[in-house]
Amino acid sequence: MKGRLAEFWYGENFLEKGYALDPLKLPLTRQVFSSDGLQGCLGVLGDALPDSWGRYLIKRQYKRTLSDLQILMLDASRQRMGALFFSNTLDDAPSDESHNLEWMLQFSDWLNDNSKDFPEHMEYGSSAGGAKPKCLVNTDEQEWIAKFQPGSEPLDMPAIEHGTLRLAHACGIPVPESRLIALPDGKHVILVKRFDRNDKEPLHYLSGHTLCGVLVNDTGQVINDTRSYLILADTLTKLSSQAQVDRCDLFRRIVFNILVNNHDDHVKNHGVIRSSNGQWRLSPAFDLVAGEGGSRDLAMDIGPEGSKASLSNLMQSLDSFGLTKKEATNEIIAMVTNIRDWKNIFENSGVNINTINKIEWAIQDTIDVSGF
């Protein structure tokens, strides 16, 4: 990798025993692939980079900005999102070190008081996306992502996310298991079970950012307009082993995001998982937060009106999801029916009534679906 120019090729051993890291853009051939940074055909490598929070930690610890390649080579951890790990030599073994709940409490103390010593053994590339504080923990022999309450955020975001995940589950959307834990300082932390693990074995992952072919310049600005559910659905048609099931599930997620006003549904909050048998499927839904932001727009296009978060906009794009108007209408009616029980689900998930009242504006549980 020189400057922004990046080149990649598969080694001979991997050509014999491995698999295509991205079947659509990075097929298992002897070809040399090149890209302007770890994006485009090399986006799968960029998916292993840390999110905004991880980059903040790196800059804080190293007192400077590191290149993407330098970040990937910081350690040989297997704690990154997906199954890739990186090393300067072929002799390095991947590190499986993870934290326990006691370390998580120490991390929480550091979040409340940054003047304390920087926590040891901090990982940087563990999350699928986001700028909020998080760390990895291991409990009950399972790996989880712990997400904390930002100090400047007045709402109990961990509780809201936990409630939203439980609501999505009640609506028939696959989501990771989650737990809500009360911290000694009275705040909450949500533990979200890693869906890119199968009995501790890492599963390969491709983000929606890579699947949609999003490109950014060296200042981080998007230079093409491919952040679209329609493009993502088309990619599922080509990649998923159960394409129609996954396209319909993607449609449900859009309806859900519209109804609960989750506009943090950006391309890095979607992805596909390669299972142990080599088949690709849409990943469980994650980073779902009701009332995330005050806008009624989504982060990705859903129809001819762009990202406008309306069911009428979505209903003009049914061909992308392989649905008839009747099938789509039935999905919407079922979703609205399940959404109407949101207060009970949130309360049973540990969200207090004060927080429930503050996000009530976001939930469209009285929407009229008779016109569909």
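Listing for the model above:
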item	result
Conditions (1) in a loop (DSSP other than H, G, I, E, B); (2) over 17 Å from the mean Cα position of the chain (by Cα); (3) crowded, with 16+ Cβ neighbours inside 10 Å: number failed by G213	(2)
Test result for R166, in contact with a strand residue (DSSP E or B) (Cβ under 9 Å, 6 or more places away or on another chain), closer than 29 Å to E141 by Cα, touching a residue at least 60 places away in the same chain (Cβ under 8 Å) and outside the structural domain of T355 (by TED's automatic domain parsing)	yes
Hits in segment 216-249 (condition: touching a Lys or Arg at 6+ places or on another chain (Cβ under 8 Å), buried (at least 22 other Cβ atoms within 10 Å of the Cβ) and in contact (Cβ under 8 Å) with a residue 40 or more places away in the chain)	A233, L236
Set L318, L323: member being aliphatic (A, V, I, L, M), farther than 14 Å from I160 by Cβ, modelled with pLDDT of 95 or more and not in a helix (DSSP H, G or I)	L323
Some residue of segment 51-65 being modelled with pLDDT of 85 or more and either within 22 Å of R281 (Cα to Cα) or surrounded by 14 or more Cβ atoms within 10 Å (Cβ to Cβ) (or both)	no
Residue, nearest to L26 (Cα to Cα), within segment 170-210, restricted to residues that are out of contact with any helix residue (DSSP H, G or I) (no Cβ under 9 Å at 6 or more places or on another chain) and not in a strand (DSSP E or B)	L203
Filtered residue count, segment 1-19, keeping only those that are surrounded by 15 or more Cβ atoms within 10 Å (Cβ to Cβ) and modelled with pLDDT of 95 or more	2
Filter result for E360 (among the charged types (D, E, K, R), more than 17 Å from V289 (Cβ to Cβ) and part of a helix (DSSP H, G or I))	no
Hey, D196 on the phi < 0 side of the Ramachandran plot, surrounded by fewer than 18 Cβ atoms within 10 Å (Cβ to Cβ), among the charged types (D, E, K, R) and touching a residue at least 12 places away in the same chain (Cβ under 8 Å) or not	no
Neighbours by Cβ (under 6 Å, 6+ apart or cross-chain): first from segment 292-313, under 22 Å from E360 (Cβ atoms) and free of Cβ contacts under 8 Å to residues at least 60 places away in the same chain; second of a type in the set (V, I, T) and part of a helix (DSSP H, G or I)	A309/I258
Filtered residues of segment 216-234 (kept if assigned to a loop (DSSP other than H, G, I, E, B) and over 15 Å from S320 (Cα atoms))	N217, D218, T219, G220, Q221, I223, N224, D225
Looking only at segment 235-263, and only at residues there that are of a type outside the set (S, T, Y) and part of a loop (DSSP other than H, G, I, E, B), the one that is farthest from G303 (Cα to Cα)	Q242
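The values are calculated or read from the model by the stated rules, or taken from the named source; none is laboratory data. Keep in mind the model is a prediction, meaning the values are calculated, not measured. Reconstructed Cβ throughout: ideal geometry from the backbone, glycine too, with neighbour counts over all protein chains shown.
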